Amino acid sequence: MSGFISKKIKSIETLGEKLKSHRQEKGLSREKASRQAHINVIYIKSIEDNNFKNLPADVYTLNILKSYANLLNLNPATVVDQFKKEKGLFHKTQTQKKDNK
């Protein structure tokens, strides 16, 4: 009889976690990044915490993400695409929760 080997599955890093990691690698606090990119610190915190409910309308959020990506020397198109995917999954899970009640 063969046994199972327990392996830890590496969790997938969210966009917010990636942005936070890049910001910290550059030695920037949220406040300093906010000043340099001209973005409200509340939005940086919400993006890094994957708190989609506290973000403005998508047209504004996408511009915020582009500015933040440029500050962190990341590809803005890639950041925006990842945000759209994660936000879509978030909304899908929220809809499913409501349907199951």
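If the condition is being more than 17 Å from Thr14 (Cβ to Cβ), modelled with pLDDT under 95 and in a helix (DSSP H, G or I), then segment 60-101 contributes Thr95, Gln96, Lys97, Lys98, Asp99.
Scanning segment 65-75 for residues that are under 14 Å from Gly16 (Cα atoms) and more than 12 Å from the chain's Cα centre (by Cα) gives Lys66, Leu72, Leu74. Can you run down the residue pairs with Cβ atoms below 9 Å, 6 or more apart or on separate chains, where the first is in segment 10-26 and farther than 14 Å from Ile44 by Cα and the partner is open to solvent by 80 Å² or more (accessible area, probe 1.4 Å)? These pairs meet every condition: Lys26/Asn73. Among the residues making up segment 42-59, those that are open to solvent by 30 Å² or more (accessible area, probe 1.4 Å), assigned to a helix (DSSP H, G or I) and of a type in the set (A, V, I, L, M) are Ile42, Val59.
The values are calculated or read from the model by the stated rules, or taken from the named source; none is laboratory data. These numbers were taken from a predicted model, which means no experiment stands behind them. Glycine gets a Cβ as well: all are built from the backbone with ideal geometry, and neighbour counts include every protein chain shown. Ligands, DNA and RNA are excluded from the accessible area calculation, which covers all protein heavy atoms including side chains. Shrake-Rupley method; radii C 1.70, N 1.55, O 1.52, S 1.80 Å.
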